[in-house]
Amino acid sequence: MKQRNPQQIIRFDGKNVFMEVMNNAFNIGKVQINFMEYNTNAEVNSRITKNLPIYIDIHKFMVLANDILSGKMSKLAQEAIQAKEKGNYRFAKEIYTDLGGISAENLKNRDKARPDGKSLSRQFKITPGDKAPWILSAEYGAGEENETGLIVPKGRPEESLRVPLQDDDFKKFAIVVMSHIHSFHASQYAKEQLNQQTESLTQQIQELKTELEQYKPVMRGLYKFLQSQGVQMNMNK
């Protein structure tokens, strides 16, 4: 089940589930992470049984990537594991959460209103795992829009998918996506510079055309004078 999407940056697989990071939301300032569940027994084009996209602000992701590579996330994970053992909890608490979603008004405008009339909450979480050191998850459920426009979850998640990662894959997640973000920014700067150069060149050409128009009467007068002197010339008017 490894159908490569050309917009896919990187992909990590679990048991009948995978997580892929996409580049198609870079132009709106987001990193898109799709969490997918699939059934290998279904027909080839009908194997996806659940799809939970997550959108993280690019600058937030850059901070997250730095925290992963600097060791900050590992330190937070150790503290969460110690708290789990001290409190005799079954699972460690998540150490990273990104909140997002779609407001009730926007859902209504898209003809996708929830039956309860609430907003759609989307959460991306990173949690220290037991069998794998890292668990990355997407959670969907009811939410409410606060005064700043943030969608805050209300109640337990209605849908969720989790993908386990080993330490090297966790670092790869940060490094590979960051490299694509830097490449995107570099291409945007280059594109902007090229547009500025093109505009400048276009302006210079227009100014040159204006100057040449001013010389046309003089050239026509010279052409007529030379003709009167018997000089044969070809000149496009």
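Just so it is clear, none of the values below were taken in a lab; they were calculated from the coordinates. In this text the structure is predicted, and so the values were computed from the model without any measurement. With ideal geometry, Cβ positions are generated from the backbone for all residues, glycine too; neighbour counts draw on all protein chains shown.
Report the net charge of residues surrounding LEU69, where surrounding means a beta-carbon distance below 11 angstrom and charges are Lys +1, Arg +1, Asp -1, Glu -1.
In short, +2.
Just add up the charged neighbours of ILE181: K/R +1, D/E -1, any other residue whose Cβ is under 13 Å from the Cβ of ILE181. Provide the component values of the computation, followed by the final result.
On the way: positive: LYS30, LYS60; negative: ASP57.
In short, +1.
Per DSSP helix of 4 or more residues, -39500 (n - 2.57); summed, then divided by the residues of the chain. What does that give at 222 nm, rounded to the nearest 500? Working shown, then result.
Numbers: 4 runs with 97 residues, N = 237.
One gets -14500 deg cm²/dmol as the mean residue ellipticity at 222 nm.
Hey, can you rank 33-41, 45-53 by average C-beta count inside 10 Å, highest first?
Ranked by mean Cβ neighbours within 10 Å, highest first: 33-41, 45-53.
Excluding LEU165 itself, calculate the net charge of residues whose Cβ lies under 11 Å from the Cβ of LEU165, where each Lys or Arg counts +1 and each Asp or Glu counts -1.
Working: positive: ARG162, LYS171, LYS172; negative: ASP13, ASP167, ASP168, ASP169.
With Lys, Arg at +1 and Asp, Glu at -1, the net is -1.
Taking the beta-carbon count within 10 Å as an exposure proxy, list TYR96, TYR89 from fewest neighbours to most.
On the way: TYR96 15, TYR89 11.
So the ranking, lowest neighbour count to highest, is TYR89, TYR96.
When THR202, THR148 are ordered from fewest to most other Cβ atoms inside 10 Å of their Cβ, what list results? List each step's numbers first, then the result.
Working: THR202 10, THR148 6.
Neighbour counts put them in this order, fewest first: THR148, THR202.
Quick one: if the Förster radius is 41 Å, what FRET efficiency do LYS191 and SER160 give, using the C-beta to C-beta distance and rounding to 0.05?
Values: r = 39 Å, r/R0 = 0.94.
Using R0 = 41 Å, I get an efficiency of 0.60.
Can you tell me the length gained on complete extension of the stretch GLU105 to ASN88, counting 0.36 nm per residue apart and subtracting the Cα distance? Provide the component values of the computation, followed by the final result.
Values: separation 17, 0.36 × 17 = 6.12 nm, distance 4.22 nm.
Stretched out fully, the GLU105 to ASN88 stretch lengthens by 1.9 nm.
Where does each of ASP167, ASP57 land when they are ranked from fewest to most other beta-carbon atoms within 10 angstrom? It would help to have the intermediate numbers written out before the result.
Details: ASP167 11, ASP57 14.
The most exposed by this proxy come first: ASP167, ASP57.
Can you pull a Stokes-Einstein diffusion coefficient for the chain at 25 °C (0.890 mPa s), Rh from Kirkwood over Cα pairs, as a whole number of µm²/s?
Values: Rh = 22.3 Å.
Diffusion coefficient, whole number: 110 µm²/s.
Just subtract the alpha-carbon distance of GLU207 and ALA42 from 0.36 nm times their residue separation and send over the number in nm, one decimal. Numbers along the way, then the final one.
Details: separation 165, 0.36 × 165 = 59.40 nm, distance 6.54 nm.
Working it through step by step, the gained length comes to 52.9 nm.
Which length gain, in nm to one decimal place, applies between THR49 and ASN5 when the Cα-Cα distance is subtracted from 0.36 nm times their residue separation? Working shown, then result.
Numbers: separation 44, 0.36 × 44 = 15.84 nm, distance 1.75 nm.
Using 0.36 nm per residue and subtracting the Cα-Cα distance, I get 14.1 nm.
Can you give the three extents of the C-alpha atoms in region 4-111 along their principal axes, from longest to shortest, in whole Å?
Over region 4-111, Cα extents along the principal axes are 46, 36, 30 Å.
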